[in-house]
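Step one of this worksheet: look at the structure below.
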Amino acid sequence: MNKQLTKKPYLLAITATALMTTLSMTSVATQAAGLGELFSNNSAQQSKFLPVDKAFQVTSSTKATTKGTQLSIAFDITPGHYVYKDKLTLSFPKGINASPFTFSQSPVSIDDPTFGKVPVFTQKTVIATTMMTTKNGKAAKNVPVVIGWQGCAQAGLCYPPEKVKTTLNIAVKR
């Protein structure tokens with residue numbers, strides 16, 4: 001009788017573990033299917049939302065000037081989408097400076113369900129520009145820069161924050 005009592009807790013633990021594993025796998029499969037439906041390319045069922053790289057095309061370019069290197073970030077925004085002005089960020093190594101962004105368009109203010117009243121860009125094309133310099137005034141080559149940004153579809157989907165990695169050369173400030 002003692003042998004049966006000592007085996008039952010293990011049997012219960014194994015059964016509970018198997019049940020939890022099955023439930024968690026079902027939940028993950030259901031979630032994956034739900035996400036698959038949002039972004040599927042199945043012609044029989046059109047996706048409600050575009051993939052992020054189709055909703056937003058982001059490119060960057062640089063130009064050496066007498067004040068340093070001008071970095072321009074262009075956003076081509078598909079109609080029905082917007083980019084948050086305040087979610088545009090730059091990350092770069094110590095010893096590098098960046099001026100505040102200037103924009104080719106003015107943002108509009110929306111009442112966003114996640115962030116409240118915020119400035120966004122809804123125009124077809126928006127260019128953000130900054131001037132990059134070194135703190136020591138010397139040129140720098142292959143400086144790693146990470147451009148961060150986030151956008152949403154007006155139909156109700158906010159894409160996760162995006163990061164674009166690039167390198168640039170910083171000209172001597174004259």
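Tabulated data
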{"item": "Residue selected from the range 53-84 under the condition in a strand (DSSP E or B) and free of Cβ contacts under 8 Å to residues at least 40 places away in the same chain, by the criterion farthest from Asn169 (Cα to Cα)", "result": "Gln57"}
{"item": "Residue list for the range 151-165, filter: modelled with pLDDT of 95 or more, open to solvent by 20 Å² or more (accessible area, probe 1.4 Å) and not in a strand (DSSP E or B)", "result": "Pro160, Pro161"}
{"item": "Residue count for the range 44-59, restricted to those that are exposed (fewer than 15 other Cβ atoms within 10 Å of the Cβ), at pLDDT 95 or above and farther than 20 Å from Gly156 by Cβ", "result": "2"}
{"item": "Residue match in the range 128-137 (condition: in contact with a Cys (Cβ under 7 Å, 6 or more places away or on another chain) and either loosely packed, with under 12 Cβ neighbours inside 10 Å or aromatic (Phe, Trp, Tyr) (or both))", "result": "no"}
{"item": "Subset of the range 127-150 [assigned to a loop (DSSP other than H, G, I, E, B) and over 22 Å from Phe49 (Cα atoms)]", "result": "Lys135, Asn136, Gly137, Lys138, Ala139"}
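The values are calculated or read from the model by the stated rules, or taken from the named source; none is laboratory data. Because the structure is a prediction, the values reported are computed rather than measured. As a convention, Cβ positions derive from the backbone with ideal geometry for all residues, glycine included, and neighbour counts pool all protein chains shown. Surface areas here come from the heavy atoms of the whole protein model, side chains and all, with no ligands, DNA or RNA. Shrake-Rupley method; radii C 1.70, N 1.55, O 1.52, S 1.80 Å.
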